[in-house]
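Peer 1: This is the structure I have questions about; it appears just below.
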Amino acid sequence: MQVSAVAHPNVALIKYWGKRKAAGNLPAAGSLSLTLGHLSTRTEVRIDGGLEQDTLSLNGSASERDLPRLRDCLAPLRERAGNASPVAVESANDFPTGAGLASSASGMAALALAAANALGVAEDGELVGRAAMAGSGSAPRSLFGGIVLLSIDESGEWRCGSLLAPDEWPLKVAVAVTETAAKAVDSRAAMELTRRTSPFYSAWLEGQDADLEEARRAVEQRDFDRLAELSEHNCLKMHATVLGARPAVVYFNSATVECIHRVRGMARAGVPVFFTMDAGPQVKAVCLPDALDEVAEALRSAPGVRQVLTGGLGAGARIT
Ligand code: 2P0
C-alpha cells in the first residue's frame, strides 16, 4: 500500500516553546499560525512487510537521525490499525530543511496523513492530529489551511482547526532566507534547555493564554495593526526567553537583525507589515497584499539575505 501527501509548513504568530510533558509531545501552551502555501513537503509512505525495519529518505538521502520521530508519529496509527509492518518513507521539501522554516511541522503532518491513509485509519481526524502531534508539536497546525489555532486546556485536552480559510483574509508572507544550513541546536533540545534554565520561562508561559486570546480576536476582526503588534511582541518574547537559557541559544544572525529594522522602518512609514522569526535566522514578513512587492524588495536588498520567497496562505495537508 502506497500513499502520498502534501503539507505546507506554517509560521506561528503566537508561538509554541516548551512542552507540558514528554509523553505525547504535548506543548505547554496553545499557538496560532499561518499555513504557508508557497512552501511544500511531499511525503510518500509505502507499507512493506518485506522490509526488516522502517526506512526514511529525506531530500534524497537516507536519514537515520529522524527515524525515532517518524516512529513516534506512526505509533498511534499502527496501534489503531493493528499493523506494525515496516514502512519506507520518502520525503522532500522544496525549501531549506531544518533551518527554522518549520520543515518538521509540514513533514510530520504529511507523514501522519499519508500513513493514516496507508494503514486505513484516516477517517478519524483526531487520531491523525494525535499522530502529527507525536511527531512534532507544531505539526497538527499544518494539517489545516489559512489561519490556524491550536488550543490546549488546563487538563491537556487540545484541539486544532482553521480560524479563517486562506481567502477569508488573504495575508501575504515574504520569507527572507538568511541561512540555508541546518541549525546547530534543534528546537526540541533548545526548548528543553529553555524550560530547565531560563529564568524567563515561567513568565513566558504565563502570558500565552492572554496573547492567544487577543490574537484570536484580532484575526476574527481582521485587525492587522493589532495582530502585528501582538505577533512581534510574542516573537521577541520567545527569543528573549531563549536568550535567557544557559547556555543561551542565539538564533539571529546579522541579516536577521537588519531585516527586523527594515520591517520596522516600513511599518513606521505606514506599510502594513510585521516580522516574526522562529527557531532559526529566517525572517518572515507578514503583510497585506498591496504591500508585498515593496516588502519583498526591501528584504531582498538587505545585506546577507540569500533569497526571498513570497506567497500567500495555503490549504491544509492533503492526499495527492
Ligand atoms: C512554533 N517552533 O510555534 C515554534 C516557534 C519554533 C519557534 O514549533 O519538539 O519542531 O518537534 O515539538 O514543533 C519548533 O518546534 O518541536 C516550533 P517538537 P517543533 O512554530
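The values are calculated or read from the model by the stated rules, or taken from the named source; none is laboratory data. Here the structure is a predicted model, which means the values were calculated and not measured. Cβ atoms come from the backbone with ideal geometry, glycine included; neighbour counts cover every protein chain shown. Note: accessible area is taken over every heavy atom of the protein model, side chains too, but ligands, DNA and RNA are not part of it. Shrake-Rupley method; radii C 1.70, N 1.55, O 1.52, S 1.80 Å.
Peer 1: Return the residues of the range 282-311 that are under 22 Å from the mean Cα position of the chain (by Cα) and in a loop (DSSP other than H, G, I, E, B); say none if nothing qualifies.
Peer 2: Scanning the range 282-311 gives Gln282, Leu288, Val305, Arg306.
Peer 1: Among the candidates Ala228, Ala215, Ala181, single out the residue that is under 19 Å from the mean Cα position of the chain (by Cα), closer than 19 Å to Asn10 by Cβ and more than 15 Å from the ligand (Cβ to nearest atom).
Peer 2: Ala228
Peer 1: Between a residue in the range 250-269 that is touching a residue at least 12 places away in the same chain (Cβ under 8 Å) and any residue that is part of a helix (DSSP H, G or I) and open to solvent by 40 Å² or more (accessible area, probe 1.4 Å), which pairs come within a Cβ distance under 8 Å, given they are 6 or more apart or on different chains?
Peer 2: Met266/Glu294
Peer 1: Report yes if Leu67 is more than 30 Å from Trp204 (Cβ to Cβ), open to solvent by 40 Å² or more (accessible area, probe 1.4 Å) and within 16 Å of the ligand (Cβ to nearest atom), otherwise no.
Peer 2: So Leu67 does not fit the description; no.
Peer 1: Which condition breaks for Ser91 when tested against (1) out of contact with any helix residue (DSSP H, G or I) (no Cβ under 7 Å at 6 or more places or on another chain); (2) within 16 Å of the ligand (Cβ to nearest atom)?
Peer 2: In the conditions (1) out of contact with any helix residue (DSSP H, G or I) (no Cβ under 7 Å at 6 or more places or on another chain); (2) within 16 Å of the ligand (Cβ to nearest atom), Ser91 misses (1) alone.
Peer 1: Does the range 163-171 include one or more residues that are within 16 Å of the ligand (Cβ to nearest atom) and open to solvent by 20 Å² or more (accessible area, probe 1.4 Å)?
Peer 2: Checking the range 163-171: at least one residue is within 16 Å of the ligand (Cβ to nearest atom) and open to solvent by 20 Å² or more (accessible area, probe 1.4 Å).
Peer 1: Go through Leu77, Leu113 for me and flag whichever is among the aliphatic types (A, V, I, L, M), out of contact with any Asp or Glu (no Cβ under 8 Å at 6 or more places or on another chain) and open to solvent by less than 10 Å² (accessible area, probe 1.4 Å).
Peer 2: Every option except Leu77 fails the conditions.
Peer 1: Shifting gears a bit: Could you tell me how many of the residues in the range 272-281 are more than 11 Å from the ligand (Cβ to nearest atom) and either part of a strand (DSSP E or B) or open to solvent by less than 20 Å² (accessible area, probe 1.4 Å) (or both)?
Peer 2: Step one: of the range 272-281, the residues more than 11 Å from the ligand (Cβ to nearest atom) are 272-275, 281.
Right, trim to either part of a strand (DSSP E or B) or open to solvent by less than 20 Å² (accessible area, probe 1.4 Å) (or both) and you get 273-275, 281.
Within the range 272-281, residues that are more than 11 Å from the ligand (Cβ to nearest atom) and either part of a strand (DSSP E or B) or open to solvent by less than 20 Å² (accessible area, probe 1.4 Å) (or both) number 4.
Peer 1: State yes or no: is Ala190 closer than 19 Å to Ser138 by Cα and within 16 Å of the ligand (Cβ to nearest atom)?
Peer 2: So Ala190 fits the description; yes.
Peer 1: Output yes when any residue across the range 120-137 is among the polar types (S, T, N, Q) and more than 18 Å from the chain's Cα centre (by Cα), and no when none is.
Peer 2: No, the range 120-137 has no match at all.
Peer 1: Can you find, within the range 97-119, the residue that is farthest from the chain's Cα centre (by Cα) among those that are part of a helix (DSSP H, G or I) and more than 22 Å from Arg188 (Cα to Cα)?
Peer 2: Applying the filter and picking the extreme gives Ala118.
Yes/no matrix, rows are residues, columns are (1) more than 10 Å from the ligand (Cβ to nearest atom); (2) in contact (Cβ under 8 Å) with a residue 60 or more places away in the chain; (3) aliphatic (A, V, I, L, M); (4) surrounded by fewer than 22 Cβ atoms within 10 Å (Cβ to Cβ):
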| site | (1), (2), (3), (4) |
| --- | --- |
| Tyr16 | no, yes, no, no |
| Leu32 | no, yes, yes, no |
| His38 | yes, yes, no, yes |
| Arg42 | yes, yes, no, yes |
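Peer 1: Residues that are in contact with an Asp or Glu (Cβ under 8 Å, 6 or more places away or on another chain) and on the phi > 0 side of the Ramachandran plot: does the range 161-169 have at least one?
Peer 2: No, that holds for no residue.
Peer 1: Is it true that Gly60 is touching a residue at least 24 places away in the same chain (Cβ under 8 Å), loosely packed, with under 15 Cβ neighbours inside 10 Å and in contact with a Ser or Thr (Cβ under 7 Å, 6 or more places away or on another chain)?
Peer 2: For Gly60, the condition - touching a residue at least 24 places away in the same chain (Cβ under 8 Å), loosely packed, with under 15 Cβ neighbours inside 10 Å and in contact with a Ser or Thr (Cβ under 7 Å, 6 or more places away or on another chain) - is not met.
Peer 1: Something else now. Can you tell me which of (1) closer than 25 Å to Met191 by Cα; (2) surrounded by 18 or more Cβ atoms within 10 Å (Cβ to Cβ) is the one Lys21 doesn't meet?
Peer 2: So the condition that Lys21 fails would be (2).
Peer 1: Can you name the residue in the range 180-206 that is in contact with a Lys or Arg (Cβ under 7 Å, 6 or more places away or on another chain) and open to solvent by less than 60 Å² (accessible area, probe 1.4 Å) and is also nearest to Ser103 (Cα to Cα) among such residues?
Peer 2: From the range 180-206, those in contact with a Lys or Arg (Cβ under 7 Å, 6 or more places away or on another chain) are 180, 191, 197, 201, 204; that's our starting set.
Checking the rest, the ones that are also open to solvent by less than 60 Å² (accessible area, probe 1.4 Å) come to 191, 197, 201, 204.
Values: Met191: 17, Thr197: 26, Tyr201: 25, Trp204: 24 Å.
Out of the qualifying residues, it is Met191.
Peer 1: Might you let me know whether the range 256-266 holds any residue that is β-branched (Val, Ile, Thr) and open to solvent by 10 Å² or more (accessible area, probe 1.4 Å)?
Peer 2: Looking only at the range 256-266, we keep the residues that are β-branched (Val, Ile, Thr), and these are 256-257, 260, 263.
Within this subset, residues satisfying the condition of being open to solvent by 10 Å² or more (accessible area, probe 1.4 Å) are 257, 260.
Yes, some residue in the range 256-266 is β-branched (Val, Ile, Thr) and open to solvent by 10 Å² or more (accessible area, probe 1.4 Å).
Peer 1: Go through (1) in contact with a Phe, Trp or Tyr (Cβ under 8 Å, 6 or more places away or on another chain); (2) at pLDDT 95 or above one by one and return the number of the condition Asp54 breaks.
Peer 2: Of everything listed in (1) in contact with a Phe, Trp or Tyr (Cβ under 8 Å, 6 or more places away or on another chain); (2) at pLDDT 95 or above, Asp54 misses just condition (1).
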